[in-house]
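In what follows, a single structure is set out as structure tokens and then discussed.
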Amino acid sequence: MRVLAIVQQADAGPGVFAEAIAARGDELDRWALPEGGEPPADPLSYDAVFTLGGSMNVDEEDAHPWLALQKALLSELLAAKLPLLGLCLGAQLVAEAAGAEPRRAPRPEIGWHQVELTEAGAADPLLAPLAPSFEALQWHSYEFPLPDGAVALARSEVCLQACRIGAHAYAVQFHPEVSRADALAWIDEYRSDPDADPDAVRIGIDPAALRSETEAKIDALNELGRALCHRWLDLAADPNP
């Protein structure tokens with residue numbers, strides 16, 4: 001299979017998803033969309049596409065004009081019923097392309113948070129093995145409402161965490177893909193990064209405590225992420241989901 005990853009920033013890459021794709025013997029192309037330039041190939045020519053997170057917000061098109069380009073592309077991918085997965089910011093972009101209006105969440109979720117599967121999520125082929133609940137790393141201030149016709153699969157205390165759009169697309173708010181290196185970089189650099197989410201500073205996270213917690217929990221999340229990626233690619237390879 002040929003898989004395209006849309007990368008929003010350097011320290012939010014494919015992470016353990018890249019490991020899972022390589023272990024299957026599949027081909028992964030990366031497209032750093034904010035850097036400009038054409039994709040490695042026509043996005044519609046891939047067997048599956050996933051779009052990743054970033055510190056920018058979904059409604060900041062004036063500062064990041066490539067967001068509008070991506071939303072248009074994701075609309076095309078949804079219309080073509082190409083297997084699609086959005087993660088964090090990518091989930092919000094996919095949900096908007098499906099007709100929802102992402103918005104600021106009641107409060108940021110930064111750190112490790114519990115995620116509960118819905119009844120539909122417990123029966124969903126991508127998320128069912130995670131039932132009834134699991135803990136995941138989160139780093140977001142926005143949320144996405146459920147698009148019309150989509151199925152809610154998971155929630156946290158704050159917001160919707162996963163949904164299925166049609167038979168071929170998923171939006172996932174948490175970070176199953178994040179590598180140990182990227183997760184620790186987010187924590188270590190959030191104050192010095194000029195593009196970092198100011199909410200992490202505003203809510204006063206304790207970076208030492210969060211780093212310690214992340215070092216203790218990231219291996220389990222990485223195992224979860226690799227397995228989730230394998231299931232997603234199995235679904236993408238099935239012509240009759």
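The values are calculated or read from the model by the stated rules, or taken from the named source; none is laboratory data. Being a predicted model, the structure only gives us computed values, none of them experimental. Please note: Cβ atoms are built from the backbone with ideal geometry, for glycine as well, and neighbour counts cover all protein chains shown.
Count, please, the residues in the range 49-82 that happen to be over 18 Å from the mean Cα position of the chain (by Cα) and under 21 Å from Asp26 (Cβ atoms).
So the answer is 2.
Any residue in the range 150-162 that is surrounded by 13 or more Cβ atoms within 10 Å (Cβ to Cβ) and at pLDDT below 95?
No, the range 150-162 contains no residue that is surrounded by 13 or more Cβ atoms within 10 Å (Cβ to Cβ) and at pLDDT below 95.
Can you tell me which residues in the range 202-216 are at pLDDT 95 or above and of a type in the set (Asp, Glu)?
Glu213, Glu215
Mind listing whichever residues of the range 125-149 are small (Gly, Ala, Ser) and in contact with a Pro (Cβ under 6 Å, 6 or more places away or on another chain)? Step through it out loud before you land on a result.
Going residue by residue through the range 125-149, those that are small (Gly, Ala, Ser) are 128, 131, 133, 136, 141, 149.
Across the range 125-149, the qualifying residue is only Ser141.
Would you mind telling me which numbered condition in (1) part of a loop (DSSP other than H, G, I, E, B); (2) surrounded by fewer than 20 Cβ atoms within 10 Å (Cβ to Cβ); (3) modelled with pLDDT of 95 or more; (4) not aliphatic (A, V, I, L, M) Glu177 fails?
(2)
Filtering the range 6-47 down to residues that are over 19 Å from Gly225 (Cβ atoms) and among the charged types (D, E, K, R), which residue is surrounded by the fewest Cβ atoms within 10 Å (Cβ to Cβ)?
Looking at the filtered set, the residue picked out is Glu38.
Only residues that are more than 15 Å from Pro176 (Cα to Cα) and out of contact with any Lys or Arg (no Cβ under 9 Å at 6 or more places or on another chain): list them for the range 110-120, please.
The answer is Glu119, and nothing else.
Can you find a residue in the range 40-47 that is among the charged types (D, E, K, R) and out of contact with any Pro (no Cβ under 6 Å at 6 or more places or on another chain)? It would help to see each step written out before you state the result.
So in the range 40-47, the residues among the charged types (D, E, K, R) come out as 42, 47.
Next, from what is left, pick out any that are out of contact with any Pro (no Cβ under 6 Å at 6 or more places or on another chain): 42, 47.
Yes, the range 40-47 contains at least one residue that is among the charged types (D, E, K, R) and out of contact with any Pro (no Cβ under 6 Å at 6 or more places or on another chain).
Which of the residues that make up the range 27-41 are over 22 Å from Val172 (Cα atoms) and in contact (Cβ under 8 Å) with a residue 24 or more places away in the chain? Show your work before the answer.
Our first condition is that a residue be over 22 Å from Val172 (Cα atoms); within the range 27-41, this holds for 27, 35-41.
Correct list: Glu27, Gly36, Pro39, Pro40, Ala41.
Looking at Tyr170, Tyr142, which one is assigned to a strand (DSSP E or B), touching a residue at least 40 places away in the same chain (Cβ under 8 Å) and over 30 Å from Gly204 (Cβ atoms)? Break it down stepwise before answering.
Details: Tyr142 fails: over 30 Å from Gly204 (Cβ atoms).
Going through Tyr170, Tyr142 in turn, just one is assigned to a strand (DSSP E or B), touching a residue at least 40 places away in the same chain (Cβ under 8 Å) and over 30 Å from Gly204 (Cβ atoms): Tyr170.
Select, from Asp199, Asp219, Asp193, the only residue that is in a helix (DSSP H, G or I), at pLDDT below 90 and either over 18 Å from the mean Cα position of the chain (by Cα) or closer than 24 Å to Ala20 by Cβ (or both). Steps first, answer last, please.
Numbers: Asp219 fails: at pLDDT below 90; Asp193 fails: in a helix (DSSP H, G or I).
Checking each option against the conditions leaves just Asp199.
Given the residues Ala91, Ala98, Ala128, which is the only one that is surrounded by fewer than 24 Cβ atoms within 10 Å (Cβ to Cβ), of a type in the set (A, V, I, L, M, F, W, C) and touching a strand residue (DSSP E or B) at 6+ places or on another chain (Cβ under 7 Å)? It would help to see each step written out before you state the result.
Details: Ala91 fails: surrounded by fewer than 24 Cβ atoms within 10 Å (Cβ to Cβ); Ala128 fails: touching a strand residue (DSSP E or B) at 6+ places or on another chain (Cβ under 7 Å).
Among Ala91, Ala98, Ala128, only Ala98 is surrounded by fewer than 24 Cβ atoms within 10 Å (Cβ to Cβ), of a type in the set (A, V, I, L, M, F, W, C) and touching a strand residue (DSSP E or B) at 6+ places or on another chain (Cβ under 7 Å).
How about the range 21-138: which strands (runs of 3 or more DSSP E) wholly inside it have at least 2 residues that are modelled with pLDDT under 95 and over 20 Å from Leu233 (Cα atoms)? Steps first, please.
Values: elements: 27-32, 48-51, 84-87, 103-117.
Correct list: 103-117.
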